[in-house]
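What follows is a set of notes on a single structure, which appears directly below.
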Amino acid sequence: MRLAKVAIRLLIVAAVAVGATAATRAQPTAGGPPAVGVVEAVKRPITETSEFLGRVEAVNRVNVVARVTAFLEKRLFREGAEIKAGDELYRLERGPFEADLAAKKAVVAQLRATLENASLTTERARTLLGGPAGQQSTYDAALANQRSLEAQVQAAEAQVQASQINLDYTDIRSPIDGKIGRTAVTEGNVVSPASGVLTTIVSQDPIHVIFPVSVRLGLELRERYAPRGGLNAVLIRLRLPDGRLYDQTGKVDFVDNTIAQSTDTFTVRGVIPNSTLPASTEDSPVRQLTDGEFVTVLVEGVQPVEVLAIPRAAVLADQQGDFVFVVGPDNKAEQRRIHLGQSTPTLASVISGLSPGDKVIVEGLQRARPGQPVSPAPASPQFQAILKCATGGTTTDGAAAGEAKPVGDSK
């Protein structure tokens, strides 16, 4: 028992000694400068991006209405389904229109028979003009009657064509590909042009996104991208209402020619593919974007630009603005006021306040004081990996690594 107690005491003493040694190593040397991690301010590729609030809008929208007055016999579509151009939507009562068409065709046949007899009479009168029994007045009257009947035949044929058009209107078909809405009229009701909209069809793919741009920001974007190709120098991405970044990119295809006086903005339109969800089927596709949906529009440069960039973790802010700590030639911390441009979640571009090669403190900022010496060392491998991902990889939410935030956003 005594030996066991002695052994336990020795173990306790050894553990205390080891803990004290570790604590001594963990603490900085008394009076020594604090250790900080630094990175050099260098030019890095960054994608310039501006954010706008937009709304999804179908490229084509059709309000289906009746062109004739008739009973609605049958609805031939499933509400909410995607349909093709030419698909039959409604079938109206055809009987009265078929009877009217048959009557008009009979009138045409009667007039044609009369015209044929008038043609024979005119030819007979023309032949008699060479003999003593022929009279010019008789020939002129026969010719006038023939021409009158020809005009009547033409009018009757036009009536047949009109009746055929009305008969065709009893089959209401889709003029476009798209998604159809709910029906406003059910079977058995009388519909007419005055009945209003029977249903609505909106096209699905591609789809438009409409967003307003302030005049001030519009001028900035024009100066930025006009020398690089104008509208061809930018692309658009969408951030969905749940915060996810849409996996398709689009392009700007229209800029309005007037400015809204009430808001001092002009309308910009983009076009983007509207892909289906993975769980949807070919018979019942489910699209990711819906007409009328609010989205965040990201207008990005097609090609990244080289800017003087530093990690966002190095940027601090106070009431006077943004600033960073840099290591001077004598290893003393210096506070530098900076002006930021476009920024990504991991990188911030610096317009003024820094020069290439400046050593910016990114780790141990809480221990840096202006004018106080520090012990600089390269940033940790984990931090270097983050910077490498920012310049050549992707972010964790699937967005492009160069995705930038609005101008002046330094938070």
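The values are calculated or read from the model by the stated rules, or taken from the named source; none is laboratory data. None of the values given here were measured: they were computed from a predicted structure. FYI the Cβ positions are ideal-geometry reconstructions off the backbone, even for glycines, and counts take in every protein chain you see. These accessible areas exclude ligands, DNA and RNA; they are computed on the full protein's heavy atoms, side chains included. Shrake-Rupley method; radii C 1.70, N 1.55, O 1.52, S 1.80 Å.
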Next on the checklist: I'd like to know if region 125-142 contains one or more residues that are free of Cβ contacts under 8 Å to residues at least 12 places away in the same chain and under 55 Å from the mean Cα position of the chain (by Cα).
Outcome noted: no
Checklist outcome for this item: Residue hits (region 166-202; open to solvent by 70 Å² or more (accessible area, probe 1.4 Å) and part of a strand (DSSP E or B)) are R173, K179, V190
Item to check | Conditions (1) open to solvent by 40 Å² or more (accessible area, probe 1.4 Å); (2) in a helix (DSSP H, G or I): number failed by S163 | outcome: (1)
Checklist entry - Within region 268-286, restricting attention to residues that are charged (D, E, K, R) and outside any strand (DSSP E or B), which residue is nearest to the chain's Cα centre (by Cα)? => result E282
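Looking at region 315-334, is at least one residue assigned to a loop (DSSP other than H, G, I, E, B), among the charged types (D, E, K, R), in contact (Cβ under 8 Å) with a residue 40 or more places away in the chain and exposed (fewer than 15 other Cβ atoms within 10 Å of the Cβ)?
From region 315-334, those assigned to a loop (DSSP other than H, G, I, E, B) are 315, 319-320, 328-331; that's our starting set.
Within this subset, residues satisfying the condition of being among the charged types (D, E, K, R) are 330.
In the following step, the residues that additionally are in contact (Cβ under 8 Å) with a residue 40 or more places away in the chain were identified as 330.
Now restrict to residues that are exposed (fewer than 15 other Cβ atoms within 10 Å of the Cβ): 330.
Yes, the conditions are met somewhere in region 315-334.
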Checklist outcome for this item: Within region 359-379, residues open to solvent by 30 Å² or more (accessible area, probe 1.4 Å) and part of a loop (DSSP other than H, G, I, E, B) come out as R369, P370, G371, Q372
Item to check | Filter result (over 13 Å from the mean Cα position of the chain (by Cα) and either within 14 Å of S214 (Cβ to Cβ) or charged (D, E, K, R) (or both)) within region 246-267 | outcome: V255, D256, I259, A260, Q261, S262, T263, D264, T265, F266, T267
Next on the checklist: So, in region 276-299, how many residues would count as being of a type in the set (S, T, Y), under 22 Å from R78 (Cβ atoms) and in contact (Cβ under 8 Å) with a residue 40 or more places away in the chain?
Outcome noted: 2
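Residues being among the aliphatic types (A, V, I, L, M), assigned to a strand (DSSP E or B) and either free of Cβ contacts under 8 Å to residues at least 24 places away in the same chain or open to solvent by 10 Å² or more (accessible area, probe 1.4 Å) (or both): count how many of those fall in region 300-314.
Quick first cut of region 300-314, residues among the aliphatic types (A, V, I, L, M) only: 302, 305, 307-310, 313-314.
Checking the rest, the ones that are also assigned to a strand (DSSP E or B) come to 305, 307-310.
With either free of Cβ contacts under 8 Å to residues at least 24 places away in the same chain or open to solvent by 10 Å² or more (accessible area, probe 1.4 Å) (or both) added as a condition, the list becomes 305, 307-308.
Of the residues in that region, 3 qualify.
Would you be able to say whether some residue in region 235-245 is more than 11 Å from the chain's Cα centre (by Cα), open to solvent by less than 40 Å² (accessible area, probe 1.4 Å) and not aromatic (F, W, Y)? It would help to see each step written out before you state the result.
At the first step, the residues of region 235-245 found to be more than 11 Å from the chain's Cα centre (by Cα) are 241-245.
Among the residues that remain, those that are also open to solvent by less than 40 Å² (accessible area, probe 1.4 Å) are: 245.
This time we only want the ones that are not aromatic (F, W, Y), so: 245.
Yes - at least one qualifying residue is present in region 235-245.
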Checklist entry - For region 248-262, does any single residue satisfy the condition of being modelled with pLDDT of 90 or more, open to solvent by 70 Å² or more (accessible area, probe 1.4 Å), touching a strand residue (DSSP E or B) at 6+ places or on another chain (Cβ under 9 Å) and of a type in the set (D, E)? => result no
Checklist outcome for this item: Here the residues within region 335-375 that are at positive phi, without any contact (Cβ under 8 Å) to a residue 60 or more places away in the chain and under 47 Å from the mean Cα position of the chain (by Cα) are G353
Item to check | The lone exception for L340 - which of (1) more than 30 Å from G32 (Cβ to Cβ); (2) open to solvent by 50 Å² or more (accessible area, probe 1.4 Å) it fails | outcome: (2)
Checklist entry - From the list D140, D205, which residue is open to solvent by 30 Å² or more (accessible area, probe 1.4 Å) and either in a loop (DSSP other than H, G, I, E, B) or of a type in the set (S, T, Y) (or both)? => result D205
